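Report on the following structure.
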Amino acid sequence: MPIGAFGILYCNETGSLTVPFVVYSKVDPEHTETGVWSKAWVLPFAIKPLGDPRRQLTRERAREILPSLQDKSFKKLFLVQGQFAFQSTEVTDEDWAILIQELAT
């Protein structure tokens with residue numbers, strides 16, 4: 001992900017979108033993150049969180065409020081399976097504005 005790219009985390013446990021973020025460093029393929037998740041994870045770039053995990057947007061609520069989900073399934077818009085971590089997705093500016101309003105602190 002390039003510096004300045006926006007992203008959003010997905011919580012498998014609750015099935016919700018949470019914590020929008022901005023990428024603020026170049027890729028570091030040698031770095032392994034051990035202090036965030038239960039297992040070591042390669043997180044080759046630094047992020048600036050725009051919210052916190054206490055704020056979450058369920059799939060059902062997302063379908064109600066995100067324009068892109070009016071004609072597309074949640075799984076087709078957001079690639080949330082483990083093998084798709086940090087995959088690019090086409091989210092409109094209107095969707096991002098809503099996500100930020102709902103999830104940023």
Handout entry: Hey, S38 open to solvent by less than 50 Å² (accessible area, probe 1.4 Å), of a type in the set (G, A, S) and in a loop (DSSP other than H, G, I, E, B) or not
Key = no
Handout entry: Scan of the range 85-94 for residues that are within 13 Å of the chain's Cα centre (by Cα) and either loosely packed, with under 13 Cβ neighbours inside 10 Å or at pLDDT 95 or above (or both), ordered by number
Key = Q87, S88, E90
Exercise for the section: Kindly indicate whether any position in the range 58-73 is in contact with an Asp or Glu (Cβ under 9 Å, 6 or more places away or on another chain) and of a type in the set (D, E, K, R). Expected result: yes
Exercise for the section: Could you list all residues from the range 1-25 that are at pLDDT 90 or above and loosely packed, with under 12 Cβ neighbours inside 10 Å? Expected result: G4
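The values are calculated or read from the model by the stated rules, or taken from the named source; none is laboratory data. Predicted model only: the values in this text are computed from it and were never measured. Every residue, glycine among them, receives a Cβ derived from its backbone with ideal geometry; neighbour counts consider all protein chains shown. Only protein heavy atoms, including side chains, enter the accessible area calculation; ligands, DNA and RNA are left aside. Shrake-Rupley method; radii C 1.70, N 1.55, O 1.52, S 1.80 Å.
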